[in-house]
Amino acid sequence: MALAAVSSAVVIGLSGHVVRIEADVSPGLPGFHLIGLPDTVTAQTRDRVRAAILNSGWDWPDQRITVNVLPSELPKYGSALDLAIAVAILAAAGTMPTEPLAHTAFLGELGLDGSLRHVRGLPSAIRALIVYGARAVVVPVASTTHTGQWAVIPASSLTDLVKQLTNGARATVPNPPATAVDVPELDLADLPGNQAAKDALEISAAGGHHLLLQGRGPCAALAACLPGILPPLEDTSHTEVSEIHSLTETPWQDRRRPLCAPHHTSTAAAIFGRRGLGLVRPGAVSLAHAGVLFLDEAPEFARSILDGLRYPLDTGEVILADAGGILHLPARFQLLLATHPCPCDTTSCHCGTGEQRRYLNRLTTLRERIELTAPLEPHDWTAEPGESTAIVAERVVEARARAAHRLKGTPRQTNAEIPGLELRSTHRLDPDALDPLDTPLRSGTITPAAMTQILRVAWTLADLRAAARPGKDDTHQALLLWRGEPL
Ligand SMILES: [Zn+2]
């Protein structure tokens with residue numbers, strides 16, 4: 001055999017693209033020519049593949065070796081093609097059988113010793129290959145936690161792979177589909193007190209409303225309960241979440257909604273993501289997709305970051321641009337903010353209302369997107385344990401089902417997504433439901449945009465108490481929640 005061809009794939013953004021690799025080993029001046037890869041990666045790839053083959057115990061063909069990576073116009077960076085290139089050379093040189101190559105694809109980086117190393121973005125790459133017609137995809141053993149629900153052949157090294165293929169290896173599914181939702185690590189019942197914050201958490205989960213917790217208290221612990229209160233990811237979101245997280249070191253396998261809590265010293269790249277040399281690093285806004293983005297000590301984040309959050313909040317995506325072009329990543333998350341009343345700690349604080357206002361004003365640009373504000377208090381260990389996460393989650397699921405039923409036929413699923421005009425024209429309220437909003441509207445203390453937010457929350461309150469539509473009490477309560485006043 002002097003000629004062999006195998007399939008592999010590269011990931012650009014979130015999508016996988018199939019790559020064909022042809023190898024020709026023929027008599028002539030000995031040499032190794034690798035065509036179709038960017039100059040910056042060609043030399044490294046050549047060195048890794050050659051060392052891996054030699055260190056696995058095979059002879060390096062003393063002939064003219066030409067490897068062509070197609071299509072030539074695709075930007076192919078990264079090291080995921082190493083394995084496929086090595087296999088193509090071994091097959092062309094007659095070292096391994098060629099029959100298994102027809103319907104098998106190969107993904108993996110090679111170590112100099114011939115071991116196989118994990119590569120990013122595997123689910124998208126595997127999906128592209130299966131759609132293309134591959135019946136089995138060989139992946140590094142270390143990557144089987146990232147392969148989602150696809151059937152794969154895990155291999156630990158080049159020698160292990162050749163042995164498996166010679167013996168007729170079959171693909172298996174390393175991660176059968178998840179059937180149960182994980183029990184959350186922290187339960188609401190573990191956190192005594194803070195009933196107002198817990199109520200707000202429930203309302204925000206039921207309607208998808210962005211929430212601000214204000215005060216000094218266990219906000220991180222409460223935030224950790226939120227994914228447990230939210231309904232599990234449905235299929236489409238689960239696929240998106242797995243694909244985004246496969247671009248990182250930690251894959252996302254279960255149906256729980258992600259909670260992403262970046263520190264306030266985070267850079268813009270950490271929050272919004274970055275791309276370069278074909279690699280995409282999703283930021284916190286994308287890692288929180290379909291889940292929760294929690295910003296503790298929110299006013300301490302850089303102004304540019306707080307302002308920049310408006311785009312994903314309004315559009316549900318983030319745009320990463322570099323010389324290679326523009327890339328859209330999903331970034332539709334529920335925002336949970338927490339803030340102290342001022343920048344000092346309790347013992348040293350002498351802040352007046354002026355200082356406090358200036359501190360909270362740093363959140364002004366986000367305030368317009370926040371529909372709920374609730375007070376946060378220290379743990380009250382004398383308080384009753386309160387309801388468990390499971391009980392609250394049950395009410396949230398029922399309320400969300402009511403909203404989803406009402407919104408059938410629209411692309412929306414939660415009350416927070418309903419545009420103002422649609423809300424006022426098609427969602428009928430009780431006749432006196434608008435009464436509590438009369439005075440503040442006339443005096444200008446709430447704007448028409450704020451009124452939309454208040455009505456969205458009023459609908460969620462009605463859904464939570466299984467009412468057909470919001471009444472006066474719901475709009476009144478929604479107004480207080482919008483203002484952050486005690487109920
Ligand atoms: Zn202070």
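Taken together, the values in this text are just the output of simple stated rules run on the coordinates, not laboratory data. The structure displayed is predicted, hence computed values, not measured ones. Reconstructed Cβ throughout: ideal geometry from the backbone, glycine too, with neighbour counts over all protein chains shown.
Values computed for the structure shown
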| quantity | calculated |
| --- | --- |
| Residue order, fewest to most surrounding Cβ atoms within 10 angstrom, among ILE391, ILE271 | ILE391, ILE271 |
| Cα coordinate range in the chain, projected on the principal axes (Å, largest first) | 90, 46, 45 |
| Loop-located GluC sites (Glu not before Pro) in region 204-249 whose Cβ has at most 14 other Cβ within 10 Å (DSSP) | GLU234, GLU249 |
| Projected area, mean over directions - region 418-487, Cα convex hull, nm² | 4.5 |
| Whole-percent pair-distance distribution, where bins are 10 Å wide, for the alpha carbons of region 188-403 | 8, 32, 35, 19, 5, 0 |
| Cα gyration tensor shape of region 304-409, rounded if a/c is under 1.5, else prolate or oblate by comparing a/b with b/c | oblate |
| Built amide H within the under 5 Å cut-off of ARG274, gap 5+ | ARG281, GLY283 |
| Spin-label zone in region 383-411 - amide nitrogen under 19 Å from a point set 7 Å from the Cα of ALA189 along the C-beta vector | 383-397 |
| Relative contact order computed over region 188-403 (Cα-Cα under 8 Å; 6+ residues apart), in percent | 36 |
| Restricting region 398-487 to trypsin sites (Lys or Arg not before Pro) in coil, as DSSP defines it, with at most 14 other Cβ within 10 Å | LYS408, ARG428, ARG465 |
| Amide H partners (placed H, <5 Å) of GLY291, local residues excluded | GLN334 |
| For the chain, calculated [θ]222 nm from helices alone, where every DSSP H run of n ≥ 4 adds -39500 (n - 2.57) | -11000 deg cm²/dmol |
| Region 364-487, relative contact order [Cα under 8 Å, separation at least 6], % | 35 |
| Span from the region 414-461 Cα centroid across to the region 230-256 one, whole angstrom | 34 |
| Rounded to whole Hz, the Karplus (6.51, -1.76, 1.60) HN-Hα couplings of region 380-385, x for glycine and proline | 10, 6, 8, 6, 4, x |
| Potential lengthening between CYS351 and HIS264 on full extension [0.36 nm per residue; Cα-Cα distance subtracted] | 29.1 nm |
| Normalised contact order of the chain, rounded percent, pairs of Cα under 8 Å and 6 or more residues apart | 14 |
| Using a Förster distance of 60 Å, the FRET efficiency for ALA142-ASP435 (Cβ separation, nearest 0.05) | 0.45 |
| Region 3-166: mean projected area of Cα convex hull, nm² | 8.4 |
| Cβ-isolated cysteines (cut-off 4.7 Å), the chain | CYS219, CYS225, CYS260 |
| Kirkwood-based shape ratio for region 362-487, expressed as Rg/Rh from alpha carbons | 0.99 |
| From phi via Karplus (6.51, -1.76, 1.60), per-residue ³J(HN,Hα) for region 234-246 in Hz, x at Gly/Pro | 7, 3, 4, 5, 4, 4, 4, 5, 4, 5, 5, 6, 5 |
| Alpha-carbon radius of gyration plus Dmax, which is the widest Cα pair, for region 60-156 in Å | 13.5, 42 |
| Nonlocal amide H pairs with GLY16, under 5 Å, H built at 1.01 Å | ALA128 |
| Residue-wise HN-Hα coupling along region 390-407, computed from phi with Karplus coefficients 6.51, -1.76, 1.60 (Hz; x: Gly, Pro) | 4, 5, 5, 4, 4, 5, 5, 4, 5, 5, 5, 5, 5, 5, 4, 5, 5, 8 |
| Cα centre as origin, Lys/Arg/Asp/Glu Cβ charges: the chain dipole, Debye | 980 |
| Check: region 3-166 dipole with +1 on Lys, Arg Cβ and -1 on Asp, Glu Cβ, in debye | 340 |
| LEU74-LEU421 FRET efficiency (beta carbon distance; Förster radius 35 Å; 0.05 resolution) | 0.20 |
